[in-house]
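Written below as structure tokens is the structure these notes are about.
The values are calculated or read from the model by the stated rules, or taken from the named source; none is laboratory data. Keep in mind that this is a model prediction, so the values were computed, not measured. Neighbour counts are summed over all protein chains in view; Cβ atoms, including those assigned to glycine, are modelled from backbone coordinates with ideal geometry. Accessible surface is based on the protein model in full, side chains and every heavy atom, while ligands, DNA and RNA are left aside. Shrake-Rupley method; radii C 1.70, N 1.55, O 1.52, S 1.80 Å.
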Amino acid sequence: MNIIMCRSLTYAQRASSALERAGITATISRAPQELTNRGCGYCVKVSPRRFREALDILARAGIPHGRLFRAEPGGGYTEVAG
């Protein structure tokens, strides 16, 4: 899964709704604690194969997002460029 960080639950919900309307499955969840500097936050998880498309959809919809991550198979996360 790829992770799109959001600054609030509201933005995560907006992002998820926009992606779902475009046919991309998007799951809202609490952000992994190691990815937040304040210990809390929300993110939207999308399939790696639809990740770039998801970012384009969010940009066209004017929905801001935070940092972007790829979940590694052995655990952990790697930040990726948008």
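Computed from Cα positions, the angle between helix 9-21 and the longest principal axis of the chain comes to roughly 50 degrees. Here the label points at ASN37 and SER8, each 7 Å from Cα along the C-beta direction, are separated by 1.9 nm in the simple model.
Its DSSP H runs of at least 4 residues, each contributing -39,500 (n - 2.57), put the calculated 222 nm mean residue ellipticity of the chain at -9000 deg cm²/dmol, to the nearest 500. Which net charge results for the neighbourhood of ARG21, defined as the other residues with beta-carbon distances under 12 angstrom from its beta-carbon, given Lys and Arg at +1 and Asp and Glu at -1? Value of the local net charge: +1. Placing +1 on the Cβ of every Lys and Arg and -1 on the Cβ of every Asp and Glu, with nothing else charged, gives the chain a dipole about its Cα centre of roughly 160 debye.
At 1.4 Å probe radius, can you tell me the per residue accessible area of the chain in Å²?
On the way: 4870 Å² over 82 residues.
For the chain, the per-residue accessible area is 59 Å².
In square nanometres, what is one fourth of the surface area of the convex hull spanned by the alpha carbons of the chain?
Result: 4.8 nm².
Angle of helix 51-61 to the longest C-alpha principal axis of the chain, folded into 0 to 90 degrees and rounded to 10: 50°. Using a 1.4 Å probe on the protein chains only, how many percent of the accessible area of the chain belongs to carbon and sulfur? The computed percentage sits at 48.
Comparing LEU68, SER47, ALA15 along the charge dipole axis of the chain, the residue lying farthest to the positive side is ALA15, per the Cβ-charge model. Per-residue packing, averaged as other Cβ atoms within 10 Å, sorts the ranges 72-79, 29-36 into the order 29-36, 72-79, beginning with the highest.
Between ARG60 and GLU72, residue separation times 0.36 nm minus the direct Cα-Cα distance comes to 1.5 nm. Taking trypsin sites (Lys or Arg not before Pro) across region 36-67, the ones in a DSSP loop with at most 12 further Cβ atoms lying within 10 angstrom of their Cβ are ARG38. SER8 contributes an accessible area of around 40 Å² to the protein surface, as traced by a 1.4 Å probe with all chains present.
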